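S.K.: Handing you this structure, nothing more for now.
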Amino acid sequence: MKKIVAAIVVIGLVFIAFFYLYSRSGDVYQSVDAELITLSSDGREKIEIEKRQHVKDMLDIMNQGKQLKMEKTSAPDYEGTIKFHKDRFDSFRLWIDDSQQAIFLKDGTYYKLTRNDTKALQTIIKKEAKD
């Protein structure tokens, strides 16, 4: 009887651990449903990323971010809003730090991008700012 209870407890713990890890490793944003990304910054004109491929690429890049445990106290470089199908909106804050790495905040969690991902993100922003 004790072996059965122990087996059930072990299976339950494995099950809980699996779903916890699975939920933490999912995408931050579903790029399939996104239509538009709007970036605003103090003293600058709003940047609207409208091209479907650029929206998808930008969200795919942001999904590569690694979670951080930190608190940013400085004002963000950009305040972003993502418009999804059916008029659903999501917001984020974006910083580009001194080492040229992007950090963004979504729902109280900070994510940091690699330098290469940050360069790709900045390229998309610059392309859309020109259009």
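The values are calculated or read from the model by the stated rules, or taken from the named source; none is laboratory data. In this text the structure is predicted, and so the values were computed from the model without any measurement. All Cβ positions, even for glycine, are placed from backbone atoms using ideal geometry, and neighbour counts span all protein chains on display.
S.K.: Determine if the range 67-75 includes at least one residue that is over 14 Å from residue 123 (Cα atoms) and touching a helix residue (DSSP H, G or I) at 6+ places or on another chain (Cβ under 7 Å).
M.R.: Within the range 67-75, the subset over 14 Å from residue 123 (Cα atoms) is 67-75.
Going one step further and asking which of them are touching a helix residue (DSSP H, G or I) at 6+ places or on another chain (Cβ under 7 Å), we end up with none.
The answer is no, given that none of the residues of the range 67-75 is over 14 Å from residue 123 (Cα atoms) and touching a helix residue (DSSP H, G or I) at 6+ places or on another chain (Cβ under 7 Å).
S.K.: Here is a further query. Right, residue 127: assigned to a strand (DSSP E or B), touching a residue at least 24 places away in the same chain (Cβ under 8 Å) and of a type in the set (Lys, Arg) or not? Let's see the steps before the verdict.
M.R.: Details: assigned to a strand (DSSP E or B): no; touching a residue at least 24 places away in the same chain (Cβ under 8 Å): yes; of a type in the set (Lys, Arg): yes.
It is false that residue 127 is assigned to a strand (DSSP E or B), touching a residue at least 24 places away in the same chain (Cβ under 8 Å) and of a type in the set (Lys, Arg).
S.K.: Starting from the range 87-109, keep only residues that are at positive phi and exposed (fewer than 13 other Cβ atoms within 10 Å of the Cβ), then list their pairs with residues that are modelled with pLDDT of 90 or more and not in a strand (DSSP E or B) whose Cβ atoms are within a distance under 9 Å, requiring at least 6 positions of separation or different chains.
M.R.: 100/115; 100/118; 100/119; 100/122
S.K.: When the residues of the range 82-105 are narrowed to those that are among the basic types (Lys, Arg) and modelled with pLDDT under 90, which ends up farthest from residue 61 (Cα to Cα)?
M.R.: So the first thing to find is which residues in the range 82-105 are among the basic types (Lys, Arg), and the list is 83, 86, 88, 93.
Filter once more, so that each one left must be modelled with pLDDT under 90: 86, 88.
Numbers: 86: 23, 88: 21 Å.
Applying the filter and picking the extreme gives 86.
S.K.: Follow-up question, since we're still on this one. For the range 88-119, how many residues are acidic (Asp, Glu) and more than 17 Å from residue 75 (Cα to Cα)?
M.R.: Taking the range 88-119 and keeping what is acidic (Asp, Glu), we get 90, 97-98, 107, 117.
Filter once more, so that each one left must be more than 17 Å from residue 75 (Cα to Cα): 90, 117.
Residues meeting the conditions: 2.
S.K.: Can you tell me which residue is farthest from residue 109 (Cα to Cα) among those in the range 44-87 that are assigned to a strand (DSSP E or B) and of a type outside the set (A, V, I, L, M, F, W, C)?
M.R.: Taking the range 44-87 and keeping what is assigned to a strand (DSSP E or B), we get 47-49, 66-68, 78-84.
Now narrow it down to the ones that are of a type outside the set (A, V, I, L, M, F, W, C): 48, 66-67, 78-81, 83.
On the way: 48: 24, 66: 10, 67: 7, 78: 16, 79: 15, 80: 15, 81: 16, 83: 20 Å.
Among those residues, the one meeting the criterion is 48.
S.K.: When the residues of the range 59-75 are filtered to those that are touching a strand residue (DSSP E or B) at 6+ places or on another chain (Cβ under 8 Å) and aliphatic (A, V, I, L, M), which remaining residue is surrounded by the fewest Cβ atoms within 10 Å (Cβ to Cβ)?
M.R.: 70
S.K.: Counting only residues that are on the phi > 0 side of the Ramachandran plot and surrounded by 10 or more Cβ atoms within 10 Å (Cβ to Cβ), how many does the range 76-86 have?
M.R.: The qualifying residues number 0.
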